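Asker: Below is one structure. I have some questions about it.
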Amino acid sequence: MIEFLSHLGLRNFLVFITALFLGIFFRFYKIDERPLHHDESIHAQLAYNFYKEPSQNFYKYDPVYHGPTFYLILRYFYHFVDFNSDISPRLPIIFFSIVTIFALFCLTGFFSVLELVVVTSLLLLSPVLIYYSRFAREDYIVILGLTVFFIGCYRRIYWLIFVGLALQFATKANFFINIVLLSAYLLYVWLRNSNFPVNCNFSKSDLRNFLLGLGVGLLLFVYLITTEFRNWNGVLDVTYKSLKHWYEMHKVERISGPFSFHLSIFAFHEQVFFVFLVGTISHFVMTVPCRVYERFIFVVFFLLFPVVMTSVPFGTPVYDLIKDMPVVSGIIKFFKLKGAVDLISCMYILIFGFWITDYYLKNDPKLSFLCYLFFSNLFVYSYVGEKVPWLAVYPLFFGYIFFGIYWAKNGVNELIKSLSAAGGLIVLFYVISRLLNFVSQNVQVEEGNQLARLGILFYYYGLGTLFVSVFTWLILKVWNCIELKVSWSTGLFIFFLIYTLLNLRVNFSLKAREFSLLSQVQTNIEFRDFIYRLIKTSGVNPLGRSLKIGYTGEATWPLAWYVKDDPKFIYFVEEGSIKDLNLDCIFIDEGKDIKPYGFNNAMKIPIRSWIYQNLNEMSYLEFLRFFLFKDDQPGLGSTYTKFACKEGVVF
């Protein structure tokens, strides 16, 4: 860190300090305004039970709730913070998110000073990364473990390598994904007879340090996975149960979603990152050494398929024709794709991920490795059957590192030029797609008429090829004529302004904060406020005694967190126990009949809500419309609970 600061220079120092200030401010500002998410409340409450009774209520490894690491950390944080607020379970993740970014300074030498400034600024200000650094989940602990592992590999510090592995393994089962991805890259490098970006030579003098590091890593792993040596079954459970659980969740798609789920998160909540992605691919295609006609053919292919598929509404005859083509249907079935956006996303991730990784393998092994980390994480988390939004942090983290290094090497003027081209391409996609969409709406196909079906395909692709070829010729002509020069101060002002506005929208706009793809389902503020009022007023009632309030079903989380240690609130499982408990009031799922138990005047209270954006059936045209015009009027779904009291109980 000291070495980094000593080589910064005034300009880079101002950039880094401004990004650091804004990044820390955005992570802490109004951290408790959003109620605890369903998952957050589970983590917070299980850790609190462990904190109160460490000898009896210690956490036992369960793949559903992941490894013990986060619960151990939360337990110790509860010694120093007010655990009655929504701030306390989120503080450790804020801490780890900042530590992870500062840990990158241990890679000076691997990164240049400029590259570190660009990368850390992007990671500090990313709206989605900030969102999940204010979210009580364990993914940032895994990312820190990965970062420590890479530092150990680069510095040849073996105990750091094994500490990083232990931290990942004892925290979350996607450790296995990380190991498979790294092993696949090593195998590919070996097959291509290329160099790995760090020194992999192993000498006899390293053996002692390797064994000592292995011992340190094993000790830390056993300490964490057994919950401080309390649950020795955890050592076996973390291998067998975690793999079995992940396989089953992937197979049944418990929380289903399209292949393009994470790309949708980038496009709707991290627009700059999405434009970075399109801009980087555009720049690579336009600058990679090749003949002019080869570039023309490839750019036509690059634009043709999305332009054609962009305009095809879901369920129309043309859509069905394209989907039923043998090659297309085979790809859809193998990768479990659900629509046009999925098909385009999958093809581009595979094609450009492999192409850029392979190209830089000989020319720039560091850039090749970072490109691989980004595209492989994006592909794997797009492919896995369970689509949850917080998994987007993995491709997003590595993507910003890759983009930061790529554009630090190519310069700001090339960046502005490519981002302008990317923005133009996105608008062109939209305009051409509107034209072809009009055509496709009027296409009818007679059942069994194969000649007509073939003619329509040729006509449709021919029209698309004509449009795309003309625009490709224009793009290739204009590209070489563009010379954009942006002053240092203007570029910085635009950079910080855009990221500030994005953060205000994603993290501090009430609508986006409560209901978005990022939260999946989010606890309603009204529900938390009702609980707070209930806690304050339930002691004053006509019965002359403390009330007994029961809760079950959907209301359990996050209600259990907000009423912990309050004897008035009683959790029950079986409805038959309601009479035995002699409850005065009750929270119960909507649809349950409570009159037989003497409860009347039920209130319906929203617990959590979510946006309903049917990504499975979204055409690329609708995808672009949402990206360009921010259609913030999707459907809204909600889960409700009933709150009812017996006669005579008044609040």
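The values are calculated or read from the model by the stated rules, or taken from the named source; none is laboratory data. Here the structure is a predicted model, which is why all the values come from computation and not from measurement. Cβ: placed from backbone, ideal geometry, glycine included. Neighbour counts: every protein chain shown. Side chains included, ligands, DNA and RNA excluded: accessible areas come from the protein's heavy atoms. Shrake-Rupley method; radii C 1.70, N 1.55, O 1.52, S 1.80 Å.
Asker: Would you check which residues across segment 362-415 are small (G, A, S), modelled with pLDDT of 90 or more and over 12 Å from the mean Cα position of the chain (by Cα) and list them?
Answerer: Scanning segment 362-415 gives S368, S376, G404.
Asker: Residue pairs, Cβ under 6 Å, 6 or more apart or interchain, first in segment 329-349 and open to solvent by 40 Å² or more (accessible area, probe 1.4 Å), second modelled with pLDDT of 80 or more. List them.
Answerer: So the pair list comes out as K338/P258.
Asker: Pick out the one residue from F229, F284, F259 that is at pLDDT 80 or above, buried (at least 21 other Cβ atoms within 10 Å of the Cβ) and in contact with a helix residue (DSSP H, G or I) (Cβ under 8 Å, 6 or more places away or on another chain).
Answerer: On the way: F229 fails: buried (at least 21 other Cβ atoms within 10 Å of the Cβ); F284 fails: buried (at least 21 other Cβ atoms within 10 Å of the Cβ).
Testing whether each residue is at pLDDT 80 or above, buried (at least 21 other Cβ atoms within 10 Å of the Cβ) and in contact with a helix residue (DSSP H, G or I) (Cβ under 8 Å, 6 or more places away or on another chain) leaves just F259.
Asker: Looking at segment 333-350, which of its residues are among the β-branched types (V, I, T) and farther than 17 Å from I265 by Cα?
Answerer: Once the filter is applied, which keeps residues that are among the β-branched types (V, I, T) and farther than 17 Å from I265 by Cα, segment 333-350 yields nothing.
Asker: Now, a different point. Out of the residues in segment 177-226 that are of a type in the set (F, W, Y) and at pLDDT 85 or above, which is farthest from C371 (Cα to Cα)?
Answerer: Y223
Asker: So F599 passes all but one of these: (1) at pLDDT 65 or above; (2) open to solvent by 20 Å² or more (accessible area, probe 1.4 Å); (3) under 20 Å from K568 (Cα atoms). Which condition number does it fail?
Answerer: F599 satisfies every listed condition except (2).
Asker: If you take the residues of segment 139-171 that are out of contact with any Gly (no Cβ under 6 Å at 6 or more places or on another chain) and outside any helix (DSSP H, G or I), which of them is most open to solvent (accessible area, probe 1.4 Å)?
Answerer: Among them, the one singled out is R156.
Asker: Restricting to segment 564-593, name every residue that is of a type in the set (A, V, I, L, M) and crowded, with 19+ Cβ neighbours inside 10 Å.
Answerer: Within segment 564-593, I578, L583, I586, I588 meet the criteria.
Asker: Going through segment 27-68 one residue at a time, which ones are closer than 18 Å to A170 by Cα, in contact (Cβ under 8 Å) with a residue 24 or more places away in the chain and in a loop (DSSP other than H, G, I, E, B)?
Answerer: Within segment 27-68, F58, Y59, K60, Y61, P63, V64, G67, P68 meet the criteria.
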